[in-house]
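The values are calculated or read from the model by the stated rules, or taken from the named source; none is laboratory data. As the structure is a prediction and not an experimental result, all values here were calculated from the model. In this analysis, Cβ positions are derived from the backbone assuming ideal geometry, glycine residues included, and neighbour counts consider all displayed protein chains. These accessible areas exclude ligands, DNA and RNA; they are computed on the full protein's heavy atoms, side chains included. Shrake-Rupley method; radii C 1.70, N 1.55, O 1.52, S 1.80 Å.
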Amino acid sequence: GFMYQIRDSADLERRWPEFLAHHTDFVKALLLYSENHARRKDDPNEFNWHGLDPALLPLLVRRAHAAHLPVTVHVETAADFRAALAAGADEIAHMPGFRPAHDSVARFAGDLAPYRLTDADARLAARRGATVVTTLGESIAYLALGDSSGLDAASRARVLGLYRDNLHTLKRRGVRIVFGSDAFRGSTVPEVTQL
């Protein structure tokens, strides 16, 4: 009863009263590789690796804001980050690239461009007053395992460089960054320590 799979606008409209009946404090929407949503949504190999249709997010945000509920959006990529901001999200949960696709660290050896934030992204986040939650600590700790992480030194340095660049880009534009952990049974202390 705490997670709803929404397929289209009619589904959202039908289920919205049920959602509101839970008297929740906020709405969290999941975007996962939204730039490829149409291709991924029906692919069994992408089970659990696609989220809400990004075209529905503006409607969800409008509904939530009309009910005085803030909206947090889970993102994986920079495209997800942009879609969340364009829709009016109040908070972005996770820095793009906080984990590799399918949790396969080998994918971090490839192209990191889909996770890179631009100055324009940061300016929009600042202008919208959006908050960005880090959740990078677990990944940083994993990369600190060295070669046993499954990535060579050059790839590890590139991933850490991506994190550093994204944080600096947001900070330079005055985006509100908060420490947050993705460890369900942990505090933010390891997150702060790793960062």
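One chain, two ends: D11 and D42. Fully extended at 0.36 nm per residue, the span grows by 9.4 nm beyond their Cα-Cα distance.
Based on C-alpha pairs under 8 angstrom that are at least 6 apart in sequence, the chain has a relative contact order of 17 percent. If you roll a 1.4 Å probe over the chain with all protein chains in place, what percent of the accessible area is carbon or sulfur? Accessible surface attributable to carbon and sulfur in the chain totals 54 percent. Amide H contacts under 5 Å for I177: V132, restricted to partners 5 or more places along the chain or on a different chain, H placed in the peptide plane at 1.01 Å from N.
Other residues whose C-beta falls under 13 angstrom from the C-beta of L124 contribute a net charge of +3, scoring Lys and Arg +1 and Asp and Glu -1. With respect to the chain, whose longest principal axis is taken over its alpha-carbon atoms, helix 9-20 is tilted by about 90°.
One decimal place: the segment D119-R158 gains 12.1 nm when fully extended, by the rule 0.36 nm per residue minus the C-alpha distance.
The stretch between L20 and F2, if pulled fully straight at 0.36 nm per residue, gains 5.4 nm over its current Cα-Cα span.
The residues packed around P70, meaning those with a beta-carbon under 15 Å from its beta-carbon, carry a net charge of +2 if Lys and Arg are +1 and Asp and Glu are -1.
Per residue, segment 62-134 exposes 38 Å² of solvent-accessible protein surface, assessed with a 1.4 angstrom probe and all protein chains in place. In this structure, the amide hydrogen of V73, modeled 1.01 Å from its nitrogen in the peptide plane, lies closer than 5 angstrom to those of A29, E91, I92, A93, counting only residues at least 5 positions away or on a different chain.
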